[in-house]
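What follows is a single structure, written as structure tokens, with notes after it.
The values are calculated or read from the model by the stated rules, or taken from the named source; none is laboratory data. Keep in mind it's a predicted model, so treat the numbers as computed, not measured. For the accessible areas, the whole protein counts, side chains as well, though only heavy atoms, and no ligand, DNA or RNA atoms are used. Shrake-Rupley method; radii C 1.70, N 1.55, O 1.52, S 1.80 Å.
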Amino acid sequence: MKLHHNPASPFVRIVRMTAHELGIADDIELVHTGTFLPIAEHDAVAKDNPLGKIPTLITDHGHALYDSRVICEYLVHHAGDKTLLPDEPVSRFRILTLESLAIGVADAGVSLRYETFLRPQDLRWSDWIERQTSRINAALDALESDHADSLGEINLGTISTAAVLGYLDFRWPDWGWREGRSKTSAFYDGFAQRPSMILTMPE
Ligand code: BEZ
């Protein structure tokens, strides 16, 4: 398998952490996009994904898969290990919902990063920045109040959650998301010791 990737992307990190947790990371050849702006087309990625987005995985059968949700489900299937996403419906949809919450934080976080870092200063939209910030804080509150009981497990939901909390620390070390969220904070500190987190740390 081949993965178009950039280690800074939280979506890529979710996929790579999933591969590590499944023990199949060595089966994936990492193809680094290098630095490219989100407003530019990346030729090599666009060849495999018309949206030009990462992560994009090319299977050993030559099929291109995207986005991170689809790739993670594929990796679970490929590894033949359903521990990270069981078939039993109550667990499955609880895990998928936690994964979606985390991916929503990643979407808002990347959007915030583009708005505050890449967009020309005079075009920045403060309402947009505030909305992405409040969306992330609301999701963090929901993690603490509604999902804390699920954070003791290792599955696609908790992997995604750890990856996006790592993205917040990476891009906004002064955010202060741990304040008032002791359960989420304890979860993250524990998860951060796992090889899947250590081996995928963005520089
Ligand atoms: C980042 O540098 O924050 C980033 C890079 C690639 C995709 C998403 C975010």
Exercise. Between LEU30 and SER182, 0.36 nm times their residue separation minus their Cα-Cα distance comes to what?
Worked result: 51.2 nm
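Excluding ligands, DNA and RNA, what is the solvent-accessible area per residue of the chain at a probe of 1.4 Å, expressed in Å²?
Details: 10430 Å² over 203 residues.
With all protein chains present, the chain gives 51 Å² per residue.
Only Cα pairs under 8 Å and at least 6 apart count here; give the relative contact order of the stretch 2-79 as a rounded whole percent.
About 37 percent, as a whole number.
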Exercise. If you average the sequence gap of Cα pairs under 8 Å that are 6 or more apart and divide by the length of the chain, what percent do you get for the contact order?
Worked result: 25 percent
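Counting each DSSP H run of 4 or more residues in the chain as -39500 (n - 2.57), what helix-only mean residue ellipticity at 222 nm follows after dividing by all residues, to the nearest 500 deg cm²/dmol?
Values: 8 runs with 107 residues, N = 203.
Result for the chain: -17000 deg cm²/dmol, rounded to the nearest 500.
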Seminar exercise, completed: Under a Gaussian network model of the chain whose springs join Cα atoms within less than 10 Å, the largest fluctuation of GLU99, GLU29, GLU21 belongs to GLU29
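If each residue of separation counts as 0.36 nm, what is the full-extension length gain between ASP107 and THR59 once their alpha-carbon separation is subtracted? List each step's numbers first, then the result.
Values: separation 48, 0.36 × 48 = 17.28 nm, distance 2.50 nm.
Taking ASP107 through THR59 to full extension adds about 14.8 nm, to one decimal.
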Problem set entry | HIS78 accessible area, assembled protein chains, probe 1.4 Å, Å² | 80 Å²
Exercise. How large, in percent, is the carbon and sulfur part of the accessible surface of the stretch 1-120 at a probe radius of 1.4 Å?
Worked result: 55 percent
For this session: Would you please state the base-10 log of I(q)/I(0) at q = 0.09 1/Å for the chain, with intensities from the Debye formula using one equal scatterer on every alpha carbon?
Result: -0.33
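Based on DSSP H assignment, which helices of the chain show an axial Cα extent of at least 20 Å together with a mean Kyte-Doolittle hydropathy greater than or equal to -0.5? Spell out each step's value before the answer.
Details: long enough: 89-113 (35 Å, 0.76); 126-146 (29 Å, -0.74); 156-171 (22 Å, 0.89).
Membrane-span-like by this criterion, though nothing is claimed about a membrane: 89-113, 156-171.
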Exercise. Using 0.36 nm per residue, how much length does the chain from ILE198 to SER91 gain when fully extended, once their Cα-Cα distance is taken away?
Worked result: 35.8 nm
